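Contents: one structure, followed by commentary.
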Amino acid sequence: MPIFRAPVQDTLFVLNDVLGYERYSNLAGFSDASPDVLEAILAEGAKLSENVMHPLNRVGDMEGCVRNDDGSVTTPKGFKEAFDQYREGGWMGLAVPVEHGGQGLPYTVHSAVGEYMSAANMALMMYPGLTQGAMAAILVHGSDEQKATWLPKMVEGAWTGTMNLTEPHCGTDLGLLRSKAVPNGDGSYKISGQKIFISAGEHDMSDNIIHLVLARIEGAPEGVKGISLFIVPKFNLDASGNPGARNAVSCGSIEEKMGIHGNSTCVMNYDEANGFLLGEANGGLKAMFTMMNEARLGVGLQGLAVSEVAYQNAVAYAKDRIQGRSLTGPKAPDKKADPIIVHPDIRRKLMTMKAFNEAGRALVLWTAINSDVAHRSEDGGERQAADDHMGLMTPVVKGVLTDKGFEHAVMAQQVFGGHGYIEEHGMSQFVRDARIAMIYEGANGVQALDLVGRKLGLNGGRAVQAFFKEVGEFCEANRGDEQMAPYTKGLKKGLNDLQAATMWLVQNGMANPDNAGAASTDYMHLFGLVALGYMWGRMVKTAQDKLATGANGSADFYETKLVTGRYFMERVMPETSAHLARLSTGSATMMALSAEAF
Ligand SMILES: Cc1cc2nc3c(=O)[nH]c(=O)nc-3n(C[C@H](O)[C@H](O)[C@H](O)COP(=O)(O)OP(=O)(O)OC[C@H]3O[C@@H](n4cnc5c(N)ncnc54)[C@H](O)[C@@H]3O)c2cc1C
């Protein structure tokens, strides 16, 4: 049976000590989540994750969801009750503004707890996760009446949400979308078409399901310019605003898939269903992006979460499993063999995962704080800088954290040897579950294209220049500090590689867009390494300061940070050179063969 312990101490270290959480107490919601309240919320979130959600992870994997003959879907045993606890605990509305029934607390706190819950049970957490995205779109693009109609019940968790983009012939390229919307003449529309792969499209956990559906209004232009977003409820509302007659939307089937079996992935059929335009006509993509940006950060978090839980299980196994002797002589002479944690190659795996998870957590929380600043600061300049950061980091967090999340699930499985391949240990589930995060919310290749094709050049490269400046200044400020030298040296080298790669893209990507496409995935990972390396620089600096000023009994914790950060700089950071070397060969060889030659 897999184990999971929420890394609360680590979250608190990142938030309070590294990112200076208290500095943001002037932002709305932050004073209500003062450091002691923050600690209490994390402890509660940890309890729910460890005691309620985690034990259901394997149940969900083994039972899966079942579509019944009447089109209803039954979720795995215990899911509804766990969701009820989530709902009753007020977790759904944690970061939703108070005027819409939420608690108005920082998104940062929501993200911190979100990591624990996704690590405990990714499939279960997708039901509220999709609802969060739908609420975000309604909050930003909905009329006052729409907000009043739909949000309170969603915030309560009585109704859940979905996002419906994908159609059989149309995934990445939404311009191909065919679902159509015909005006009823009273402001509402009849929505028809088929959507596939819709997460949480049908289930038994809420009283209503609020589908956000992309469709084309009759006569709208071809391509992405003619797409609009609609609210389509499973049950139409009666005169008092309660679920009434069934709308013409149904689940045709559920997919049999590789992982996240506890989440229903549905084919959704819309047969002249009642729908309500959300935002402007033909402005659907923009509205959907509100939802997708939030969702992309959430998916990045899933990558980190699975990496963390898989790592924890690998550590436990490596301490317990005895096999062979240490290369430097027995470490457990009383036993017939040493625990496998003595072997350097097992250490390589554990350290790689540990170094990534801790920096990944810091990167997610740093980005989440920027999200709060972007939405809550009263200072226009601060808001803009934070928004730039978010835009730049969204594809990096999504693409890098999920690629690595899967890689680390496999790495953790490898620690188990053959036992990792056997379902009983749960490692196979982590591998299968982590895989989807690389695909949905825009496959990772598309995230990389978003980074090089859109985000780098936006506003004359303002966001990327600000990032370079911040990391460069950090290296410069610590240049004379001998203790920091092992860390800043690697970080500076990584930053130089990233700047060289950016220059290469500017010079070669415009002239031949295939060069930009061919460079994109390497560039995204190079960017991720520098961002994670910068997080390590800051964590190490904080740990050193703490050790210098009296660690209050936490010396081991800070010493461990220094070693783990050093491992990252020695063993992970050098990959920036390989990425730079690869991407600067351009696209010529990659594109040389004709399609027939493959
Ligand atoms: C379990 C699961 C849950 C999902 N949940 C939802 C959901 O809730 N709502 C929803 O709307 N959708 C959902 N999806 C759909 C998912 O978002 C899409 O599968 C994904 O966006 C990719 O689309 P596609 O499968 O059609 O692949 P395609 O678009 O056909 O892409 C195939 C490959 O080509 C690459 N590619 C495509 N275009 C380009 C390009 N221009 N440049 C470079 N590479 C390119 C892609 O990166 C990918 O690797 C889900 C899918 C799954 C499997």
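Distance between the 7 Å Cα→Cβ label points at Asp345 and Ala588: 3.9 nm.
Rounded to the nearest 20 debye, the dipole size of the chain about its Cα centre is 1560 debye, using +1 on the Cβ of Lys and Arg and -1 on the Cβ of Asp and Glu.
Across all C-alpha atoms in the stretch 1-153, the radius of gyration and Dmax reach 16.9, 55 Å. Averaged over residues, the count of other Cβ atoms within 10 Å places the peptides 296-308, 374-386 in the sequence 296-308, 374-386, highest first. Taking only the C-alpha atoms of the chain, the Rg (one decimal) and the largest Cα-Cα distance, Dmax (whole number), read 24.3, 83 Å. Legend: calculated FRET efficiency, Lys331 to Arg178, from the Cβ-Cβ distance at R0 = 41 Å, rounded to 0.05, equals 0.05. The orientation-averaged projection of the convex hull spanning the C-alpha atoms of the stretch 416-535 amounts to 10.4 square nanometres. Dipole of the chain computed with +1 at Lys/Arg Cβ and -1 at Asp/Glu Cβ about the Cα centre; of Gln103, Met154, Gly133, farthest Cα towards the positive end is Gly133. Shape analysis of the stretch 23-91 yields a ratio of the Cα radius of gyration to the Kirkwood radius, Rg/Rh, of 1.19.
Every number here is computed from the coordinates shown, using simple stated rules; none is lab data. Since the structure is predicted, the reported quantities are computational estimates derived from the model, not experimental observations. Don't worry about glycine lacking a Cβ; one is built from the backbone with ideal geometry, like all the others, and counts go over all protein chains shown.
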